[in-house]
Amino acid sequence: MSVLSLADVYRARRRIAGRVFHTPLVESQSLSEKAGTPVFLKLETVQPTGSFKLRGATNALARLAEQGCRKVVTASTGNHGRAVAHAARALGIDAMVCMSALVPANKVEAVRALGAQARIAGKSQDEAEHEALRLVREEGFAYVPPFDDLHVIAGQATIGLEIVEALPDVANIVVPLSGGGLFAGIAFAARGANRAIGLTGVTMSRGAAMHASLAAGRPVLVEEVETLADSLGGGIGLENRYTYALTRDLIDETVLLDEASIARGIVHAYEHERLVVEGAAAVGMAALLDGMLPAARIKRGPLVLIVTGANIDMEQHRRLVASASTQPSSHNAL
Ligand SMILES: *Cc1c(COP(=O)(O)O)cnc(C)c1O
């Protein structure tokens, strides 16, 4: 665990200050009532690119810029790609986002609108990634990984610092889990402040690479399937260097959710919290509403749910809210 230090996290906080928001931690009345313990939402949805990924990307890019690096590359078209593009523009360095020919035109346009170059390469995410790595080898770009990087992890860890400072008696933190950069960072910072804090990872039941890897005892591949929590898809890398071991050593339990539950989380956020959230950001609320968090854990005291991002397709969001209001369920009766 010595790979990361609390000093790295405080350095990250100084680097990203003024570029990334210190986000609100707000109590949810409806969830507190439901749980019988205070429940708080950490609102990363308000970050400039609509997700917490800006923290890690800004820390990694600011450090590269300090070292004189002028151009970075990534292969993510999702929240990490947006964050890299935004941070690069803010820091005055060039960003290239490699994507496959299958990526829809609106996503290509979104990357360009953020000031990054889009390079179309290959017919799969893998081939796009190959092109990114070629640019690193042959053209002097620096690669910015989405999670398995100490500076990215330290950036995400600043969320943990903000939580323990705002809520010193926090007993449990519930974190959406994919590659584990967010979990590892928050868990490291929170346990650094209080060794007794409970740490739960939540993800979807199908295609959850970190969960499968923890069960197997080593990083494994999983088949990627479509999910409402699209930001939680993707592998952790068979050559995973940091997030697998950190997550394994710090996690208390993993909770797996089906698609109906994730949908309920999205609808709850909208109806009861007045929040538009993407599927990946709704999993903490969904786990609590559907009774998936261990009762013993909830009893320990104040609970924080990380609401990680807002980048949902609005057409999909409208459909989910509309279908929930025509088929009332007990969950909407809070
Ligand atoms: C990336 C992402 C996550 C998961 O973060 P990891 O570091 O990959 O575990 C959760 N929610 C949203 C909205 C994300 O973009």
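Every number here is computed from the coordinates shown, using simple stated rules; none is lab data. Only a predicted model underlies this, so the values are computations on that prediction, with no experimental measurement involved. For neighbour counting, all protein chains shown are included, and Cβ atoms are generated from backbone atoms with ideal geometry for every residue, glycine included.
Between Glu139, Glu27, Glu224, where does the largest GNM mean-square fluctuation fall for the chain, given springs only between Cα atoms within less than 10 Å?
Residue with maximal mean-square fluctuation among Glu139, Glu27, Glu224: Glu139.
Hey, what's the Kirkwood Rh for the stretch 53-143 if you take every pair of different alpha carbons, in angstrom?
Over the stretch 53-143, the inverse of the mean reciprocal pair distance is 12.7 Å.
At 7 Å along Cα-to-Cβ for each site, give me the label-to-label distance between Phe21 and Ala193 in nm.
In this crude label model, Phe21 to Ala193 measures out at 1.9 nm.
Could you state the angle between the C-alpha long axis of helix 314-326 and the longest principal axis of the C-alpha atoms of the chain, as a value from 0 to 90 degrees rounded to the nearest 10?
Value to nearest ten degrees: 10.
Which order do the peptides 272-282, 87-97 come out in when sorted by mean C-beta neighbours inside 10 angstrom, highest first?
Taking the mean over residues of other Cβ atoms within 10 Å, the ranking is 272-282, 87-97.
Average the reciprocal distances over every distinct pair of alpha-carbons in the chain, invert the result, and give the Kirkwood radius in Å. Mind dumping the intermediate values first?
Details: mean 1/r = 0.0503 Å⁻¹.
That comes to 19.9 Å for the chain.
How big is the charge dipole of the stretch 271-332 about its Cα centre, in debye rounded to the nearest 20, if each Lys and Arg gets +1 on its Cβ and each Asp and Glu gets -1 on its Cβ?
320 debye
For the chain: lysine pairs with Cα atoms under 28 Å, gap of 8 or more or different chains, count?
Value for the chain: 11.
Which order do the peptides 183-193, 153-163 come out in when sorted by mean C-beta neighbours inside 10 angstrom, highest first? Mind showing how you got there, number by number?
On the way: 183-193: 25.5, 153-163: 27.5.
Highest-to-lowest ranking by the protection proxy: 153-163, 183-193.
Could you check the spin-label model distance between Glu224 and Ser325? Points 7 Å from the Cα along Cα→Cβ, value in nm.
3.4 nm
Please list, in order along the stretch 258-273, the HN-Hα scalar couplings obtained from phi with the Karplus expression 6.51 cos²θ - 1.76 cosθ + 1.60 (θ = phi - 60°), rounded to whole Hz, x for Gly and Pro.
Each residue of the stretch 258-273 in turn: 8, 5, 5, 5, 4, 4, 4, x, 4, 5, 4, 4, 6, 6, 10, 10 Hz.
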